[in-house]
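See below for the structure under consideration.
The values are calculated or read from the model by the stated rules, or taken from the named source; none is laboratory data. Everything quoted here is computed from the prediction, not taken from an experiment. Glycine also receives a Cβ, built like all others from the backbone with ideal geometry; neighbour counts cover every protein chain displayed. When the accessible area is computed, the model is the full protein with side chains, heavy atoms only, and any ligands, DNA or RNA have been set aside. Shrake-Rupley method; radii C 1.70, N 1.55, O 1.52, S 1.80 Å.
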Amino acid sequence: MSAVREFGRALTQPLGAPAAAVQTFIEVPFELDGRKLIPDGLVRVTRGQKSWTALVEVKTGSNELQTEQLENYLDIAARFGFDAVVTISNEISPLPGQHPTTVDRKKLKKVALHHWSWSEVLCEAVMQKEHRGVADPDQAWVLGELIRYLEHPRSGAMAFEDMGSSWVPLRDAVESRTLRATDRTAPDVVLRFEALLRFAGLQLGRRLGTDVTPALSRKELAEPQARLSRQLTQLVADGRLSGGIRIPDTVGTLHVIAELRAGRVICGIDVDGPKEGRPTTRINWLLRQLKNAPDSVRLEAFVAHGRGAGASELLGVVRANPAVLIADPQKEIRGFRVEMSASMGSKRGTGRNSFIDSVLSAVSTFYEEIVQNLKPWSATPPKIRSDATFVPPADVPVALVSTAPSSQDGPELQVPAPAAAPVPQDVPVDA
């Protein structure tokens, strides 16, 4: 962070630090109530009269952050007037801005608590080096070595690898339809699924070189517990987990649904249809964009002012007969839904037949085969008509037709100018 200027700023500025050089220190000792405490690091950014300071606590491998330790560091930061405590571990926050470890909220009145997963740190490093760029060649090399280190399997900076001990009991309860909202297994699995979607976004964003974020409303960001309650209700009633991720410059939100009872992972996206043309024309517009997609993709057409599900069919069938998506020729098709389904793994960890890998693979495949090929519809720009493009009605004498261009002119067809009146033979030309 201190050696590579752009990387240090990219990490600290979102936390409230000024845009300046980053100073870093390791194992700075502090006294608290007669005890000697040594945080893993301290970060300070100073610009003019403004200074931002944060304590840093790091965990690697499967080690988890401890509440008591973090609360001690929050007390130290408050006593010395520091701004924040930053944690780094393999734990992934289920929602942006939410810390994976629960601490006493009273201790957060003066000091902010932030968290980076190792996946986020690696993603930021890759994006900075490969996509945004590093001005100094030596600093770029240093950042490349950090990436090389973090990607090594023995670095302790692991990926998302476990759905937790509650996964198997919950999966069995969903299949047997015995899951209740009061079961303790449900909240833990819901939070881990939210974290899995965040990890899927980080992984995809690292490959694309852009910020891929969870698709959350302002209310959901402000009230995480409300979203958790809705997810629990959906899980108990329908046996499904759902969420979405936003990718910049795409046609819409990439939705992810895990159907635990059916054992399927479904990825989908909604596309606004053209604003003009016949229903078949609008369907063909979508088919042209899906020319390389597999026949097993499901399409659904929505009509204007319609409620409920629209006409749906597999892409292979629609290619042969686009009319199968037209439920009522008199109604205007306003949009489409494109979905791809894949088999869902059942294991809690990673590897063959694992739930985590099946979700990550479904998201990556759906983006590569569908989303990146979709473009929003745009109307054809109007063209300026030339001066001599008016076709006079057949029943109007030529002498009464104005040759001046008008906005009321008809189709663009060239009309020859009226022929000159013939000269009488008995009149001399000189006259």
Sequence-distant residues sharing a close amide H with Leu254 (under 5 Å, placed H)
Ile245, Ile247
May I ask you to list the trypsin sites (Lys or Arg not before Pro) in region 236-294 that are in a DSSP loop and have at most 11 other Cβ atoms within 10 Å of their Cβ?
Lys275, Lys291
Please list 3J(HN,Hα) in residue order for region 41-53, calculated via the Karplus relation 6.51 cos²θ - 1.76 cosθ + 1.60 where θ = phi - 60°; whole Hz, with x for glycine and proline.
x, 9, 10, 9, 10, 10, 9, x, 8, 9, 9, 10, 10
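Given a Förster distance of 51 angstrom, what is the FRET efficiency for Thr365 paired with Asp395, based on the Cβ-Cβ distance and rounded to 0.05?
Numbers: r = 63 Å, r/R0 = 1.24.
Efficiency, from the Cβ-Cβ distance: 0.20.
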Please say if region 290-360 is rounded, prolate or oblate, where rounded means a/c under 1.5 for a ≥ b ≥ c the square roots of the C-alpha gyration tensor eigenvalues, and otherwise the choice is prolate for a/b larger than b/c and oblate otherwise?
prolate
Under 18 Å Cα to Cα from Lys59, which aspartates and glutamates show up? Leave out anything in the same chain fewer than 8 places away.
Glu27, Asp40, Glu68, Glu71, Glu91, Glu120, Glu151, Glu161, Asp162
Residue of Ala157, Ala301, Ala309 that the Gaussian network model of the chain assigns the largest fluctuation, springs spanning Cα pairs under 10 Å
Ala309
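What number, rounded to the nearest 500 deg cm²/dmol, is the helix-based mean residue ellipticity at 222 nm of the chain, given -39500 (n - 2.57) per DSSP H run of at least four residues and division by all its residues? Intermediate values should be presented prior to the final figure.
Working: 11 runs with 130 residues, N = 431.
About -9500 deg cm²/dmol.
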Between Ala226 and Arg132, what is the label-to-label distance in nm when each label sits 7 Å out along the Cα-to-Cβ direction?
3.2
Would you work out what percent of the accessible area of the chain, with all protein chains in place, is carbon or sulfur (probe 1.4 Å)?
50
For region 113-160: accessible area per residue (Å², 1.4 Å):
54
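Taking the solvent-accessible surface of protein heavy atoms with a 1.4 Å probe, what is the per residue accessible area of region 192-270 in Å²?
Values: 3420 Å² over 79 residues.
Ligands and nucleic acids excluded, the result is 43 Å² per residue.
Under 1.5 on a/c is rounded, so check that first for region 95-144, then, if it is not, pick prolate when a/b is larger than b/c and oblate when it is not; a ≥ b ≥ c are the square roots of the alpha carbon gyration tensor eigenvalues. Write down the numbers at each step before the final one.
Working: a/c = 3.92, a/b = 2.76, b/c = 1.42.
Prolate shape, in that a/c is at least 1.5 and a/b is the bigger ratio.
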GluC sites (Glu not before Pro) restricted to DSSP loop in region 90-196 with at most 10 other C-beta within 10 Å:
none
Whichever lysines have a C-alpha closer than 23 Å to that of Lys275, once near sequence neighbours (fewer than 8 apart) are set aside:
Lys291, Lys331, Lys375, Lys383
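If I take R0 = 22 Å and measure r between the Cβ atoms of Ser346 and Thr182 in this structure, what FRET efficiency does the formula 1/(1 + (r/R0)^6) give, to the nearest 0.05? List each step's numbers first, then the result.
Details: r = 24 Å, r/R0 = 1.10.
My answer for the efficiency is 0.35.
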Candidate cut points under trypsin sites (Lys or Arg not before Pro) in region 116-219, DSSP loop plus at most 13 other Cβ atoms within 10 Å of their own Cβ, are Arg154, Arg177, Arg180, Arg184
What shape does region 91-250 have by the C-alpha gyration tensor, where a ≥ b ≥ c are the square roots of the eigenvalues, rounded means a/c under 1.5, and otherwise prolate means a/b greater than b/c and oblate the rest?
prolate
